[in-house]
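**Q** Before anything else, here's the structure in question.
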Amino acid sequence: MQIRMNNVCKTIKGATLLADISLTLNSGKIYGFVGDNGAGKTVLFKILLGLMRKTSGSITIDGVELTDLLQNAGFIIERPEYIPYYSAVKNLAVIAAYHMKADRARIREVLEMFGLDPDDKKAVGKYSLGMKQKLALSMAFMENPEILILDEPLNALDEGTVNNARNHILEAREQGKLILIASHYKEDIQSLCDFVYRMKGGRIVGNVE
């Protein structure tokens, strides 16, 4: 798979959120995006996912223009919303029901992958920040998507869980998935990414070696 973004821009009420973003992204690679808060990383991810409309430019997947939601993508954007009085299993089952790609066994598998007990009946509303982040990772991986778009995926995780999550992200690359990551943590970027782009003021201002 190849995703191409050509001169993608986003403005709201005269304010520039993205300016002339041109990228070529290929399966089997991890692309990192760094920059201060407000640099445009999350806006870029939302536009690519189809959660926000671009103002101009084009996005194509294998030569076909993207005009709707990005399909076959797992993602973490900002703080995912859950049903607070449901358990982790019930929350993922609700999401899985939309596409029917993940069965009960797969839900249990991904929860265990990221260190959550699928038999735990605790309501998600009572979870710590770290547990919610593990659930967000489980949700992103649940349907075995071709594309992973992960905005600060390792926030609030303990060292052991961070190492585990990094291993699963690297395994996903080896499986040929196309992965985008934004992180404030230099070690995440250094240990995971094949290519790294620095963003500032809605623009890509350079590559990071």
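**Q** Before we move on, is GLU152 among the charged types (D, E, K, R), crowded, with 17+ Cβ neighbours inside 10 Å, touching a residue at least 60 places away in the same chain (Cβ under 8 Å) and on the phi > 0 side of the Ramachandran plot?
**A** Yes, satisfied.
**Q** A further question on this structure: If I filter segment 61-78 down to residues being assigned to a strand (DSSP E or B) and open to solvent by 30 Å² or more (accessible area, probe 1.4 Å), which single residue comes out as nearest to ASN144 (Cα to Cα)? Don't jump to the end; show me each part of the working.
**A** Residues of segment 61-78 assigned to a strand (DSSP E or B): 61, 64-65, 73-76.
Going one step further and asking which of them are open to solvent by 30 Å² or more (accessible area, probe 1.4 Å), we end up with 61, 64-65, 75.
Details: ILE61: 19, VAL64: 22, GLU65: 23, PHE75: 11 Å.
That would be PHE75.
**Q** Could you count how many residues in segment 163-209 are under 18 Å from ILE76 (Cα atoms) and β-branched (Val, Ile, Thr)?
**A** 4
**Q** Return the total of residues in segment 129-143 being open to solvent by 10 Å² or more (accessible area, probe 1.4 Å) and of a type in the set (Gly, Ala, Ser).
**A** 1
**Q** Additional query: Looking only at segment 163-209, filter to residues that are in contact with a Ser or Thr (Cβ under 8 Å, 6 or more places away or on another chain) and either at pLDDT below 90 or not hydrophobic (A, V, I, L, M, F, W, C) (or both); which one of those is surrounded by the fewest Cβ atoms within 10 Å (Cβ to Cβ)?
**A** GLY176
**Q** Where in segment 105-207 are there helices (runs of 4 or more DSSP H), lying wholly inside it, with at least 1 residues that are more than 24 Å from GLY40 (Cβ to Cβ)?
**A** Of the helices (runs of 4 or more DSSP H) lying wholly inside segment 105-207, those with at least 1 residues that are more than 24 Å from GLY40 (Cβ to Cβ) span 129-141, 159-174.
**Q** Would you confirm whether or not segment 86-102 contains a residue that is of a type in the set (Val, Ile, Thr), over 23 Å from LEU180 (Cα atoms) and open to solvent by less than 50 Å² (accessible area, probe 1.4 Å)?
**A** Scanning segment 86-102 turns up at least one residue that is of a type in the set (Val, Ile, Thr), over 23 Å from LEU180 (Cα atoms) and open to solvent by less than 50 Å² (accessible area, probe 1.4 Å).
**Q** Provide a single number: the residues in segment 23-55 that are of a type outside the set (A, V, I, L, M, F, W, C), under 15 Å from LEU69 (Cα atoms) and assigned to a helix (DSSP H, G or I). Give the steps one after another, and end with the answer.
**A** Taking segment 23-55 first, the residues of a type outside the set (A, V, I, L, M, F, W, C) are 24, 26-29, 31-32, 35-38, 40-42, 46, 50, 53-55.
Of the ones still in play, those that are also under 15 Å from LEU69 (Cα atoms) are 46, 50, 53-54.
Pick out the ones that are also assigned to a helix (DSSP H, G or I) and you get 46.
Within segment 23-55, residues that are of a type outside the set (A, V, I, L, M, F, W, C), under 15 Å from LEU69 (Cα atoms) and assigned to a helix (DSSP H, G or I) number 1.
**Q** Anything in segment 29-40 that is out of contact with any helix residue (DSSP H, G or I) (no Cβ under 6 Å at 6 or more places or on another chain), open to solvent by less than 40 Å² (accessible area, probe 1.4 Å) and at pLDDT 95 or above? List them, or say none.
**A** TYR31
**Q** Among the residues of segment 88-102, is any touching a helix residue (DSSP H, G or I) at 6+ places or on another chain (Cβ under 9 Å), polar (S, T, N, Q) and more than 26 Å from LYS46 (Cα to Cα)?
**A** no
**Q** Do any residues in segment 46-73 that are over 28 Å from SER138 (Cβ atoms) have Cβ atoms under 6 Å from those of residues that are open to solvent by less than 30 Å² (accessible area, probe 1.4 Å) and not aliphatic (A, V, I, L, M), where the two are at least six apart or on different chains, and which pairs are they?
**A** LYS54/LYS10; THR55/CYS9; THR55/LYS10; SER56/CYS9; GLY57/CYS9
The values are calculated or read from the model by the stated rules, or taken from the named source; none is laboratory data. For clarity, every value in this text was computed on a predicted model and none was experimentally measured. Positions of Cβ are generated from backbone atoms using ideal geometry, with glycine treated the same way; all protein chains shown enter the neighbour counts. Heads up: the accessible areas ignore ligands, DNA and RNA and are worked out on the full protein's heavy atoms, side chains in. Shrake-Rupley method; radii C 1.70, N 1.55, O 1.52, S 1.80 Å.
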